[in-house]
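*Asks:* Below is a structure I'd like to ask you about.
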Amino acid sequence: MSYGFTPQQQELIEQVREFADTVVRPASYEYDTKRELPYGIIKQMGDLGLFGLPFPVEYGGGGGDYVSFCLAVEQISRMDQSLGVTLEAGIGLGAMPIMRFGTEEQRREWIPRFASGEALAAFGLTEAAAGSDAGGTCTTAELIDGEWVINGSKQFITNSGTDITRLITITAVTGRTTRADGTVKKELSAILVPVPAEGLTVGPAYDKVGWHTSDTHPLTLTNVRVPEANLLGERGRGYANFLESLDEGRIAFAALCTGAAQGCLEEAIRYAQEREVFGRALADNQHTAFMIARMQARVHSARLTWLNAARQMAAGEPFKMQASIAKLTGSEAAMANARDASQIFGGYGYLNENLVARHYRDSKVLEIGEGTTEVQLMVIARGLGLAGAGL
């Protein structure tokens, strides 16, 4: 199918697809079992320029566009969602806020390191009392003698405890104001915390259902001190800026979902054509053929929605609702395709060594991470002006 890709984008798709098939797939089960991030593969991804795709050349990037970045995420995620989210979160959530809101000095210091793949950045937003309701942030940062003194905790932070994690951007309460009605409004700001940092404790990795290769930890910050200049963007704009970053990140996350759905589709087609049941190929059964046809329809819809959102973003048009539609459509497509592919494989689809089984356990988090399904529905309903969209 034609999606209007440029020759350069089509070449990128083919290059990353081959890498995913020949390098990522053969190693995926081994690293999933070990629950280890494959640093050798991460380095190869850096050497291919995948981490630098959306950044300008003057910052060590490839000078590409956001669509190209999403295409790379999609192709990697066909074979391994954990590696796909390592790329997506490291750039879309970890590094991109610095590119968008950082000072020139901050960009010069950090972006080249992230664009090369030699270092990873994390996005520290979620807390025990601040998940979908990020306004519930309790972590504090007090400006004392030219330094931010940070205290609090974060949880479910991707890329926060790897051997090459060098920066975590966190949201913190930096002040409070009293509204006219007497209620208190928190002033939320974003602050760059280099890693390692005295007082920053990275907790043990979570024992997750899926995404075993992806690095995810809780964090504790106890009197962590960083220079005042580590403020990212304007003071008090941290929440608004992070919401904007999440809108962008949801497009790349939707591409990840599409890649997972595509991987399940390809595996289902191959197996259904090879597997014989009652003397004929499984694919010759109308029920199986129709099931796979629906899988293709889901992939096509998911890809169109994230492409539309990405192109609207690139054109400078509003894309908040489109990003949520893409994330909603993609996550549901991935979950449904993983379920159907596992069913087509039968007993083999329940073995962890099988790619579709790993997609089945991995895909559930796609309906939770970077904004739950319910949050996406809320954003879409608000975009339609529906009164019932509020909490």
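*Asks:* Taking only protein heavy atoms into account and a 1.4 Å probe, give the accessible area per residue of the chain in Å².
*Replies:* That works out to 43 Å² for each residue.
*Asks:* Then there is this: What is the distance in Å between the Cα centroid of the range 214-280 and that of the range 117-190?
*Replies:* A separation of 19 Å, based on Cα centres.
*Asks:* Give Lys186/Lys327; Lys185/Lys327; Lys154/Lys208; Lys327/Lys364 a once-over and call out the pairs whose C-alpha atoms are over 20 Å from each other.
*Replies:* Pairs exceeding 20 Å: Lys186/Lys327; Lys185/Lys327.
*Asks:* Projecting each Cα onto the charge dipole of the range 161-250 (Lys/Arg +1, Asp/Glu -1 at the beta carbon, about the Cα centre), which of Gly203, Leu231, Thr162 comes out farthest on the positive side?
*Replies:* Of Gly203, Leu231, Thr162, it is Leu231.
*Asks:* Convert each backbone phi in the range 28-44 into a coupling constant with the Karplus relation 6.51 cos²θ - 1.76 cosθ + 1.60 (shift: θ = phi - 60°), then list the ³J(HN,Hα) values in order as whole Hz, x for Gly and Pro.
*Replies:* Along the range 28-44, the couplings run 4, 5, 4, 6, 4, 5, 6, 6, 10, 6, x, 4, x, 6, 4, 4, 5 Hz.
*Asks:* Please name which of Ser342, Ile191, Asn241 has its Cα lying farthest along the dipole of the chain towards the positive end, using unit charges on Cβ (Lys, Arg +1; Asp, Glu -1) and the Cα centre as origin.
*Replies:* Result: Ser342.
*Asks:* For Cα pairs less than 8 Å apart in space and 6+ apart in sequence, what is the mean separation divided by the residue count of the range 187-229, i.e. the relative contact order in percent?
*Replies:* 44
*Asks:* In whole percent, what relative contact order does the range 33-138 give with Cα contacts below 8 Å and a gap of six or more residues?
*Replies:* Across the range 33-138, relative contact order equals 26 percent.
*Asks:* Can I ask one more? Under 1.5 on a/c is rounded, so check that first for the range 316-380, then, if it is not, pick prolate when a/b is larger than b/c and oblate when it is not; a ≥ b ≥ c are the square roots of the alpha carbon gyration tensor eigenvalues.
*Replies:* Cα axes put the range 316-380 in the prolate bin.
*Asks:* Give the dimensionless ratio obtained when the Cα radius of gyration of the range 1-133 is divided by 2.2 N^0.38 Å.
*Replies:* So the range 1-133 has a normalised radius of gyration of 1.09.
*Asks:* In Å, the Kirkwood hydrodynamic radius of the range 194-307 over pairs of distinct alpha carbons?
*Replies:* One decimal place: 18.8 Å for the Kirkwood radius.
*Asks:* At q = 0.09, 0.13, 0.14 Å⁻¹, work out log10 I(q)/I(0) for the chain with the Debye formula, treating every Cα as an identical point scatterer and leaving solvent out; two decimals please.
*Replies:* The Debye formula, applied to the Cα set alone, gives -0.52, -1.06, -1.22.
*Asks:* Which shape class applies to the range 1-44: rounded if a/c is under 1.5, otherwise prolate when a/b exceeds b/c and oblate if not, where a ≥ b ≥ c are the square roots of the Cα gyration tensor eigenvalues?
*Replies:* prolate
*Asks:* In addition: What is the dipole size for the chain, taken about its Cα centre, with +1 at each Lys and Arg Cβ and -1 at each Asp and Glu Cβ, in debye to the nearest 20?
*Replies:* With only Lys, Arg, Asp and Glu charged at Cβ, the dipole is about 760 debye.
*Asks:* Something else: With the full set of protein chains in place, find how many percent of the accessible area of the chain is carbon and sulfur; take the probe as 1.4 Å.
*Replies:* Result for the chain: 53 percent of the exposed heavy-atom area is carbon or sulfur.
*Asks:* If contacts are Cα pairs under 8 angstrom and at least 6 residues apart, what is the relative contact order of the chain in percent?
*Replies:* 16
*Asks:* Within 10 Å, count the other beta carbons around each residue, average over each peptide in 3-12, 261-270, 111-120, 221-230, and list them highest first.
*Replies:* By packing density, highest mean first, the sequence is 261-270, 111-120, 221-230, 3-12.
The values are calculated or read from the model by the stated rules, or taken from the named source; none is laboratory data. No experiment lies behind these values; they were computed from the predicted model shown. All Cβ positions, glycine included, derive from the backbone under ideal geometry; neighbour counts span all protein chains shown. Surface accessibility is based on the protein's heavy atoms, side chains included, excluding ligands, DNA and RNA. Shrake-Rupley method; radii C 1.70, N 1.55, O 1.52, S 1.80 Å.
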